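S.K.: Pasting a structure below so you can have a look.
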Amino acid sequence: QVQLVESGGGLVQPGGSLRLSCAASGFRFCIVAMAWYRQTPGKQRELVARITSGGSTATTDSVKGRFTISRDNAKNTVYLQMNSLKPEDTAVYYCRLGESTFWGQGTQVTVSS
């Protein structure tokens with residue numbers, strides 16, 4: 001069965017960095033797009049970054065130049081490198097299999113001094 005397991009969240013000071021990982025299993029990882037979303041209380045889940053099977057990437061405007069999505073098909077893992085973090089980046093971050101209904105359980109990122 002499809003499994004997506006996020007890790008790497010935590011508490012970081014403004015300006016700091018974190019790298020999130022999403023380990024995937026149960027499907028042919030190398031042929032699908034993957035995405036990272038985030039959600040704060042009372043708001044809809046928003047797309048942060050997406051990567052195609054061929055490695056093309058797209059990021060939402062609010063994180064451009066700070067966040068980078070990447071994938072390692074040998075490890076069935078997608079990453080989100082987050083630099084220059086801001087308090088407004090605080091959210092639960094989820095990975096998603098393409099545009100499917102398969103989501104990870106989420107990992108909390110808190111940016112605070």
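The values are calculated or read from the model by the stated rules, or taken from the named source; none is laboratory data. On a predicted model such as this, the values are computed, not experimentally measured, just so you know. Here Cβ is always computed from backbone atoms with ideal geometry, including for glycine, and neighbour counts include all displayed protein chains. Protein only, heavy atoms only, side chains kept; ligands, DNA and RNA dropped before computing areas. Shrake-Rupley method; radii C 1.70, N 1.55, O 1.52, S 1.80 Å.
S.K.: Once each part is reduced to its C-alpha centroid, what is the distance from the stretch 81-113 to the stretch 1-16 in angstrom?
M.R.: Measuring centre to centre over Cα atoms gives 6 Å.
S.K.: Another question, if that's okay. Rolling a 1.4 angstrom probe over the protein heavy atoms, how many square angstrom per residue are accessible across the chain?
M.R.: Working: 5930 Å² over 113 residues.
Computed with neighbouring chains in place, this is 52 Å² per residue.
S.K.: How would you order 51-60, 103-112 from highest to lowest mean count of nearby Cβ atoms within 10 Å? Could the numbers behind the result be given before it?
M.R.: Working: 51-60: 13.8, 103-112: 16.7.
Order by mean packing, descending: 103-112, 51-60.
S.K.: Please report the net charge: other residues with Cβ closer than 14 Å to the Cβ of Ser113, K and R +1, D and E -1.
M.R.: Values: positive: Lys86; negative: Glu88, Asp89.
Counting the neighbours of Ser113, the net charge comes to -1.
S.K.: OK, next. Quick one, can you get me the convex hull of the C-alpha atoms of the chain expressed as volume per residue in Å³?
M.R.: Residue-normalised Cα hull volume stands at 91 Å³.
S.K.: Cysteines without a disulfide-compatible partner in the chain, using Cβ under 4.7 Å as the rule?
M.R.: Lacking a cysteine Cβ partner under 4.7 Å: Cys30.
S.K.: Using the Karplus equation 6.51 cos²θ - 1.76 cosθ + 1.60 (θ = phi - 60°), what ³J(HN,Hα) coupling, rounded to whole Hz, does each residue of the stretch 98-106 give in order, writing x for Gly and Pro?
M.R.: Whole-Hz 3J(HN,Hα) from phi for the stretch 98-106: x, 10, 7, 8, 8, 10, x, 7, x.
S.K.: So, in nm, how far is label Asn73 from label Ala58 when the simple model puts each one 7 Å beyond its Cα toward the Cβ?
M.R.: Going from the Asn73 label point to the Ala58 one covers 2.1 nm.
S.K.: In the stretch 10-47, which trypsin sites (Lys or Arg not before Pro) are in a loop and have at most 10 other Cβ atoms within 10 Å, using DSSP for the loop call? Mind dumping the intermediate values first?
M.R.: Values: sites: Arg19, Arg28, Arg38, Lys43, Arg45; in loops: Arg28, Lys43, Arg45.
Loop-located and lightly packed - Arg28, Lys43.
S.K.: Let me ask something else. Ignoring ligands, DNA and RNA, what percent of the 1.4 Å accessible area of the chain is carbon and sulfur?
M.R.: Numbers: 2830 of 5930 Å².
About 48 percent, which is the carbon plus sulfur part of the accessible surface.
S.K.: Could you calculate the FRET efficiency of Gln105 with Ser84 from 1/(1 + (r/R0)^6), where r is the beta carbon distance between them and R0 is 25 Å, rounded to 0.05? Please report the intermediate quantities before stating the final value.
M.R.: Numbers: r = 26 Å, r/R0 = 1.06.
Rounded to the nearest 0.05, the efficiency is 0.40.
S.K.: Right, here's the next one. Using the Cβ atoms and a cut-off under 14 Å, what net charge is assigned to the surroundings of Ser17, where Lys and Arg are +1 and Asp and Glu are -1?
M.R.: Working: positive: Arg19, Arg66, Lys86; negative: Asp89.
Around Ser17, the surrounding residues sum to +2.
S.K.: Let me ask something else about it. Summing +1 for each Lys or Arg and -1 for each Asp or Glu, what net charge is found among the other residues whose Cβ lies under 13 Å from the Cβ of Glu6?
M.R.: Numbers: positive: Arg19, Arg38, Arg96; negative: none.
Within the 13 Å Cβ shell, the charges total +3.
S.K.: Any idea what the relative contact order of the chain is, in percent, if you count C-alpha pairs under 8 Å spaced at least 6 apart? Please list the in-between numbers first.
M.R.: Details: 272 pairs, mean separation 41.2, N = 113.
Worked out over the chain, it gives 36 percent.
S.K.: On a straight-distance basis, which aspartates and glutamates could pair with Lys43 in a cross-link, Cα separation under 14 angstrom, same-chain partners fewer than 8 positions away excluded?
M.R.: Glu88, Asp89
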